[in-house]
1. All but one of (1) of a type outside the set (Val, Ile, Thr); (2) at pLDDT below 85; (3) buried (at least 22 other Cβ atoms within 10 Å of the Cβ) hold for Ala177; which doesn't?
2. Regarding Pro441, is this residue assigned to a loop (DSSP other than H, G, I, E, B), surrounded by 14 or more Cβ atoms within 10 Å (Cβ to Cβ) and either modelled with pLDDT under 50 or not assigned by TED's automatic domain parsing to the domain that holds Val120 (or both)?
3. In segment 583-641, what residues are out of contact with any Phe, Trp or Tyr (no Cβ under 7 Å at 6 or more places or on another chain) and among the aromatic types (Phe, Trp, Tyr)?
4. Determine which single condition Pro638 fails, assuming it passes every other condition in (1) buried (at least 19 other Cβ atoms within 10 Å of the Cβ); (2) touching a helix residue (DSSP H, G or I) at 6+ places or on another chain (Cβ under 8 Å); (3) not in a helix (DSSP H, G or I).
5. Only one of these conditions is not met by Asn549: (1) among the polar types (S, T, N, Q); (2) in a loop (DSSP other than H, G, I, E, B); (3) farther than 21 Å from Thr144 by Cβ. Which number is it?
6. Restricting to segment 199-211, count the residues that are closer than 19 Å to Thr584 by Cβ and either in a helix (DSSP H, G or I) or assigned by TED's automatic domain parsing to the domain that holds Glu513 (or both).
7. Tell me which of these Phe415 doesn't satisfy, since it passes every other one: (1) of a type outside the set (Val, Ile, Thr); (2) at pLDDT 70 or above; (3) assigned to a loop (DSSP other than H, G, I, E, B).
8. Suppose we filter Ile716, Ile720 for residues that are among the aliphatic types (A, V, I, L, M), surrounded by fewer than 18 Cβ atoms within 10 Å (Cβ to Cβ), in contact with a Phe, Trp or Tyr (Cβ under 9 Å, 6 or more places away or on another chain) and in the same structural domain as Ala627 (by TED's automatic domain parsing); which single one remains?
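The values are calculated or read from the model by the stated rules, or taken from the named source; none is laboratory data. This is a predicted model, so every value here is computed, not measured. We place every Cβ from the backbone using ideal geometry, glycine too, and count neighbours over all the protein chains shown.
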Amino acid sequence: MQRTSKAISGVAHPKNAPEKDAFRPDIEGLRGVAVSLVVLFHAGLLSHSSTQLTGGFIGVDLFFVVSGFLITGLLIRERERTGRVSFSRFYARRVRRILPAAAVVLLITIPLSSQLVTLVQRPSVMQDGASAALSVANIRFAMTTDYFNPVNYSPFLHFWSLGVEEQFYFVWPALLALVAWKRPRLGAGLALSAVVVVSFAASVVITDQSPSTAFYWLPTRAWQLAAGGLLAIGAGSLDRAPAAIRSAVGTVLAFAGWAALAALLTAAVLIDTTTSAIPGAAVGVPTPYPGMAALVPTIAGVLLIASGTQSIGPGVLFRLAPVRFLGKISYSLYLWHWPILILGGIWLVGPLDSISPAQAVGLALLAIPVATISWMFVEEPFRRGQIPLPRPSRVVAAGVAVMLAVALIGSGFQFGAQSALANIGGGPPDPTASASIGATPRPTPTPTPYVVPPTLAPSQTPSPVPQMTPALTPPPDQGPPTSYAVTNAIRPALGKAATDYEQVWHENCLGWERTTTPNDSCVYGDPSGTYTVALIGDSHGSALFPGVNEVAKAHGWKLIPYLKIDCSFLDIKMIDFNTKGEYTQCATWNNAVLSRIKAHPPDLAIISMSRWIFTVNDGDGTVTAEANSLVRMIEKIPTSTRVVIIEDPPLPTNVNVPNCLSTYLSDYRRCSYTQKVGFGSSMRTREERASEATGAALIDLTATICPGTGNCPVVINNMIVWRDEHHLTATFATSLGPVIDEQLTAILNQWAKAALPSAPY
């Protein structure tokens, strides 16, 4: 019985056998495969390599299955041998296995990050490090970071998976002790089966709603750990079967293992969760993950473990010395490779957008000797008891104390970074001052009655007052700056630029991903105004809201925002940048907006949206297709409503402006971007074609945001222009009010003049 059990599970069950007797060389090799997939994926991700292993992150899924198998097997064997599970000994083993290497990586990465990461990023990164030390990094990243399309890469991002496993270790022993009181394997099997069903169902549902939550959280990942645990529970179940049946099952397992290996490698190549590496590129629908797609690496992992001891199975590859070596150092390699890639990339080239594939591969290879040293001198001495340790309960207490100390160190660096940012400049933007930028001092405007001349055709709308004049005046020209350093004279303060959001963002008047209907309570400008303006668009339109709102307030117009994140005012199928699936909520939203406008036609509709869209069908991503779509949408607007399009301004595209500014504090000109980058290949083409076809007017902000013929500045009149790569700061957007007012007034006057009857001869 003992020999057959080992043939299936690789684990013999002699009485009082220690944990090391559970060793299986094929599983060690499987770990080597898993970590290789992850390292290759990360190297390709950072270098934007055209040959990157887009699905290599599934190596983490393999780790979950392996961990569930080994930990459950360990606990079940202890329960069967001794009649109980020693929590203190279990957690002492986990502390020795996990915490020393993790603590060393954190203690080295935290101070290095404080020197290499940009000052704006530093407080958040230090908080990431503290969260990693407390085993809650996955919860933090679920709320702040898209693993596949993050705004900034944290050197602690990979600690999310350790958080999942450590939370599992905290829960599972107690649950096992509860359900496996009389018949350990039966009770544990029933409990794990329930976990698999409930957790997998939650994963599928939540992936569709919030991919980041599903990706990072234990409840949506527990089924993968439980799947490995079920395999451990079933080990040896064929012991009493006839030899012929055991042989046949072994042969089937061997072939299933090869099929699983082929499926795993295919998935690593074909699964692609990113929307696009190139903004504006038309792509197919990315793979939502984890969801249903996670079945492939999970089932493959179960089959590879189950077939690992078969002489003709894929275990023959996993037992090869080079593969096993990577498996030996897999934990240390996993810990070290990501901070080496991130911090090494920053040290080599600065912004990671410019790291080359060769540099990424070189840094990934460098992680191997570093991990080997860590394995030899940190991981193994603690794990194997070569370093004397006190009794188990004290080991656990010491481990907790060490990680708390690491978390405090990270928090200390976070406080220091926040203080440094505060010393550079200013407090939060003054809403009162910001609202008055460029405005002529005047009392609260009196609403101007809107009267349609009797000679005007019903389908034409004039300006509110014939021969209008702009109500806002530009601020005085400050001339060229005397210094290009980032100081406390610059607004918004550098530390607050990344969160200098517009009013509609703060007041929930910008529709989020799941929103399908506009918020009826959102009315701006002069709410009692009789001339109504609708602002329609996505987050780029929302970023321009402060300037449009200044114009509306100055003229006494009612302003109603119809703004939704990532949702262009087009009737083509788009991809939700966050969920990676078809953005059906956008189509529903646009239909709702059109219904509102038809029911209560505004006098003026202003459309503003990003020139980047991600389409389900590649053919819909062309300029011609988008222009035709915009024409169709404008034609659905009532003819009594006149339409103006604010063209998307020149964008930094690949420059996160606050981060760049914190890198070049003494000369912010180094963060400027070329007009070629800012304008893109088809800037204004879509809007110009729609204007020609529908008669919609155009507002062009290019001369203000990218003046002259040189590079486009990121600081204008002591204002930071962008809060990230493509959204204006609310402070600068407010200053655009006079520019928008001047162009819009001219357009309205032109329409009013054209609508008047011609003078008789």
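1. (3)
2. no
3. Tyr583, Trp589, Trp612 - these are the residues of segment 583-641 that are out of contact with any Phe, Trp or Tyr (no Cβ under 7 Å at 6 or more places or on another chain) and among the aromatic types (Phe, Trp, Tyr).
4. Of everything listed in (1) buried (at least 19 other Cβ atoms within 10 Å of the Cβ); (2) touching a helix residue (DSSP H, G or I) at 6+ places or on another chain (Cβ under 8 Å); (3) not in a helix (DSSP H, G or I), Pro638 misses just condition (1).
5. Checking Asn549 against (1) among the polar types (S, T, N, Q); (2) in a loop (DSSP other than H, G, I, E, B); (3) farther than 21 Å from Thr144 by Cβ, the one that fails is (2).
6. Summing the residues that are closer than 19 Å to Thr584 by Cβ and either in a helix (DSSP H, G or I) or assigned by TED's automatic domain parsing to the domain that holds Glu513 (or both) in segment 199-211 gives 7.
7. (3)
8. Ile716
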